[in-house]
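What follows is a short report on a single structure.
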Amino acid sequence: MTDAASLLLALSALGIGGGVLLLVRGFGSYRSAVRVGDTSTSRVASLAAGEVRVSGAIEPAEVTIRSPLQDRECVWYRSRVTAGRDDRTLFEDERGVGFRLRDATGAIRVFPRGARIDAPRRLDDEDSALGERPASVSMGTRSSPDPRVAGDREAAIAELLTVHTPEPDETVVAGWDGARHYTEARLEVGDVITVVGTAVPFGQLADPDGADLLDRYGDPLAGLDDPEVAMNIAEAREAGILTTPEEAWGNAAIPGFGIGKPVRRPELDAGATVPVLATPDEAATIARTWDLGPDELVIAAAEGSPLLIATGAPGEVVAREENRFLLGLLGALLAIGSAVVGAVVLAAR
């Protein structure tokens, strides 16, 4: 086979793979567009239990977080640093905390665990030709290594159910000898968003502390709409692994742990910084954090009803997802065309 034919076959394979990937993502966007478009917007003041669509501005709840690459106050971020032609990942983190959504009639509490979040990048920059970090990047004080571990199942479960407070590994990001690419998406206070999820009475949330945090690497609801993930969770429950919030979420079930003021001593890895326990007054304040009545409706993810949080009004969200679906159809054409070219090359051998 000539070099030209080999090159065409390689390009055909890449075209097929890329086209199929675009198609799969496109169908995901199509499902989101249909879900958002087919659910009518409800006013917060007249909300009823069940699947709902609400739209309004983000308001902070008890706490906010700061993004690691630009050190901006927000309620959710997804940050990534890559390097090299192969986009090697040097740093990746995605975190979120609960917030309130306010429309013209009132506000409702949103618990983000398990959410699919669609937000634009606020940072998309790279190093200069001399390898200098761009002025748009201001490394914060947080980073998060991927806590998924290799090894036996029990070790993986223990790692998954332990909440870590990681420190930034500046040496990895700064020590890479090559151009780095920085991206960061955020949801900030004041942003207009659309939320499609399940409205449930606050008293029916089995684990409000856990549901109030989104950690993409340690969140068992992150892929709950995936049949394999749902099956694994069901098996864990049958095996008695996920029984109570305290057992399932470990340190995350301790009031105040997420803000560095636990009311009792957490279980930490050897060498981890031990947080200062909350004083009696602080513990009382933390206990009053949930100023929600048991019958007050909140929005959260539920089995069989994923939570979607997207930037913009409902019409904007639908239009954006439809455009991604059209891109997915173009991906299908790319895959078909690449397959035809590959078949022709092979036939000519």
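The values are calculated or read from the model by the stated rules, or taken from the named source; none is laboratory data. Bear in mind the structure is a predicted one, so any value in this text is a computation, not a measurement. Here Cβ is always computed from backbone atoms with ideal geometry, including for glycine, and neighbour counts include all displayed protein chains.
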Any chance Val81 is of a type in the set (Val, Ile, Thr), farther than 23 Å from Leu205 by Cβ, in contact with a Phe, Trp or Tyr (Cβ under 8 Å, 6 or more places away or on another chain) and in contact (Cβ under 8 Å) with a residue 40 or more places away in the chain: yes
Subset of region 76-109 that is touching a Gly at 6+ places or on another chain (Cβ under 6 Å) and of a type in the set (A, V, I, L, M, F, W, C) - its residue that is nearest to Asp291 (Cα to Cα): Leu101
Arg288 vs. criteria of a type in the set (Lys, Arg), modelled with pLDDT under 80, within 23 Å of the chain's Cα centre (by Cα) and closer than 30 Å to Asp103 by Cα: no
Contacts under 9 angstrom Cβ, first residue in region 87-114 being within 12 Å of Val298 (Cα to Cα) and in contact (Cβ under 8 Å) with a residue 12 or more places away in the chain, partner aromatic (Phe, Trp, Tyr) and not in a loop (DSSP other than H, G, I, E, B), 6 or more apart: Phe99/Trp76; Arg109/Phe99; Arg109/Phe202; Val110/Phe99; Pro112/Trp76; Pro112/Phe99
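Quick check, is Glu154 of a type in the set (Asp, Glu), in a helix (DSSP H, G or I) and either surrounded by 14 or more Cβ atoms within 10 Å (Cβ to Cβ) or modelled with pLDDT of 55 or more (or both)?
Yes: the conditions hold for Glu154.
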Residue that is nearest to Asp209 (Cα to Cα), among those in region 255-285 that are outside any helix (DSSP H, G or I) and at pLDDT below 70: Pro255
Condition met for Val172 (at pLDDT below 90 and over 18 Å from the mean Cα position of the chain (by Cα)): yes
Residue that is nearest to the chain's Cα centre (by Cα) [pool: residues in region 296-349 that are part of a helix (DSSP H, G or I) and within 26 Å of Leu205 (Cβ to Cβ)]: Val317
Subset of region 88-133 [closer than 30 Å to Ala199 by Cβ and of a type in the set (Ser, Thr, Tyr)]: Thr105
Ala252, sole failed condition from (1) modelled with pLDDT under 75; (2) out of contact with any strand residue (DSSP E or B) (no Cβ under 7 Å at 6 or more places or on another chain); (3) assigned to a helix (DSSP H, G or I); (4) small (Gly, Ala, Ser): (2)
Residue in region 7-28 that is in contact with an Asp or Glu (Cβ under 6 Å, 6 or more places away or on another chain), in contact (Cβ under 8 Å) with a residue 24 or more places away in the chain and more than 15 Å from Gly197 (Cβ to Cβ) present: no
